[in-house]
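The values are calculated or read from the model by the stated rules, or taken from the named source; none is laboratory data. Because the structure is predicted, anything quoted here is derived from the model rather than measured. All Cβ positions, even for glycine, are placed from backbone atoms using ideal geometry, and neighbour counts span all protein chains on display.
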Amino acid sequence: MRLFDSHTHLNDPAFEGEIEETIKRAKEAGVEKMVVVGYDIPSSKMAVELAKKYKDVIYASVALHPHDSDKFTQEIYDDLKKLAAEPEVVAIGETGLDYYRDYSPREDQRKVFREHLKLARETDLPVIIHTRKAFADLFSILEEEMPPRKGVFHCFSGGEEEARRAVGLGFYVSFSGSLTFSKKLQRVATILPANRILIETDAPYLAPVPMRGRRNEPAFLVHTARFLAELLNCNPENIGEITYANAEELFLRF
Ligand code: NI
């Protein structure tokens, strides 16, 4: 089985000193490619460095996480733009709105989300969207500032209506390990067209059943893939191929 982890954080301190073995385990589990996603300047830089070191296995995405929107400056924008010019960078993100945690004032979050969409337009890259409890504002900003290469709703947390709207706007929907324990997400997965679905670990967070509670890692993507295959009544190899091709289409076709 061949898999593409569309969203992982090997740049997280949880993997310090263990990146080499983690990638080896991922390959053994069939995970041939992954996008390492930045959430501030140091983690975005590290994503690019990893992508340069593990060419054709790791790709990078760069951004300031919505949680830290109150720390955004023009200097950060310029640094992200410089990083985004590296050939290994395939997306802008994770960016979006998080009204569940509310770690930054909502007004700052909306402003900084717009800045990231502007960056995606200027660099002609897709966006990786993080959103929780903020779909109404998120969709209205997205429609106003639409990046031409669209993007993906990562670790999707909405219902059927939000999923349909995301797909209607030309976006992909990515399922994390939460799919294995959320009935709501399982319903969403069954109504989406197969050519719009991605899968991800969001490691080190959100390990799928039967690894729940452990530190997640890209190798565990296989559990989410198998679960999705069973849910959609097809074989795991097919799900691997379809989601791999979708991720390639979004991130690697330039
Ligand atoms: Ni993430």
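Quick one: is Val173 within 17 Å of the chain's Cα centre (by Cα), modelled with pLDDT of 95 or more and surrounded by 19 or more Cβ atoms within 10 Å (Cβ to Cβ)?
So Val173 passes the test.
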Given the conditions (1) surrounded by fewer than 19 Cβ atoms within 10 Å (Cβ to Cβ); (2) within 16 Å of the ligand (Cβ to nearest atom), every one holds for Val167 apart from (2)
Reported set for the range 43-74 where residues are in a helix (DSSP H, G or I), within 17 Å of Glu16 (Cα to Cα) and not aliphatic (A, V, I, L, M) is Ser43, Ser44, Lys45, Glu49, Lys53
Subset of the range 189-215, residues surrounded by 23 or more Cβ atoms within 10 Å (Cβ to Cβ) and either touching an Asp or Glu at 6+ places or on another chain (Cβ under 7 Å) or of a type in the set (Phe, Trp, Tyr) (or both), comes to Glu200, Thr201, Ala203
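Can you spot a residue in the range 178-186 that is under 30 Å from Pro210 (Cβ atoms) and without any contact (Cβ under 8 Å) to a residue 24 or more places away in the chain? Working first, answer last.
Keep residues of the range 178-186 that are under 30 Å from Pro210 (Cβ atoms), which gives 178-186.
Narrowing further to those that are without any contact (Cβ under 8 Å) to a residue 24 or more places away in the chain: 182-183.
There is at least one residue in the range 178-186 that is under 30 Å from Pro210 (Cβ atoms) and without any contact (Cβ under 8 Å) to a residue 24 or more places away in the chain.
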(Q) Take Arg114 and tell me if it is among the basic types (Lys, Arg) and either part of a strand (DSSP E or B) or in contact with a helix residue (DSSP H, G or I) (Cβ under 8 Å, 6 or more places away or on another chain) (or both). (A) yes
Worksheet item: Any chance the range 147-163 includes a residue that's of a type in the set (A, V, I, L, M) and assigned to a helix (DSSP H, G or I)?
Response: yes
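Across the range 1-42, which residue is surrounded by the fewest Cβ atoms within 10 Å (Cβ to Cβ) among those that are within 11 Å of the ligand (Cβ to nearest atom) and in a loop (DSSP other than H, G, I, E, B)?
Residues of the range 1-42 within 11 Å of the ligand (Cβ to nearest atom): 6-9, 11-12, 35-39.
Still in the running and in a loop (DSSP other than H, G, I, E, B): 9, 11-12, 38-39.
Details: His9: 22, Asn11: 25, Asp12: 17, Gly38: 28, Tyr39: 23.
The extreme case among them is Asp12.
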### Message
Given the condition more than 16 Å from the ligand (Cβ to nearest atom), touching a residue at least 12 places away in the same chain (Cβ under 8 Å) and surrounded by fewer than 17 Cβ atoms within 10 Å (Cβ to Cβ), answer yes or no: does some residue in the range 43-54 qualify?
### Response
yes
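So is Tyr100 surrounded by fewer than 17 Cβ atoms within 10 Å (Cβ to Cβ) and among the aromatic types (Phe, Trp, Tyr) or not?
Details: surrounded by fewer than 17 Cβ atoms within 10 Å (Cβ to Cβ): yes; among the aromatic types (Phe, Trp, Tyr): yes.
Against the criterion (surrounded by fewer than 17 Cβ atoms within 10 Å (Cβ to Cβ) and among the aromatic types (Phe, Trp, Tyr)), Tyr100 qualifies.
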Within the range 1-40, the residues that are more than 17 Å from the chain's Cα centre (by Cα) and of a type in the set (Val, Ile, Thr) are Ile19, Thr22, Ile23
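Mind listing just one residue for me: the one in the range 169-219 that is of a type in the set (Ser, Thr, Tyr) and assigned to a strand (DSSP E or B) and, of those, farthest from Ile239 (Cα to Cα)? Walk me through it before giving the result.
Step one: of the range 169-219, the residues of a type in the set (Ser, Thr, Tyr) are 172, 174, 176, 178, 180, 182, 190, 201, 205.
Okay, now just the ones that are also assigned to a strand (DSSP E or B), so 172, 174.
Values: Tyr172: 15, Ser174: 13 Å.
Going through the qualifying residues, I end up with Tyr172.
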Only one of (1) in a loop (DSSP other than H, G, I, E, B); (2) farther than 21 Å from Phe251 by Cα; (3) of a type in the set (D, E, K, R); (4) more than 15 Å from the ligand (Cβ to nearest atom) does not apply to Arg101, and that is (4)
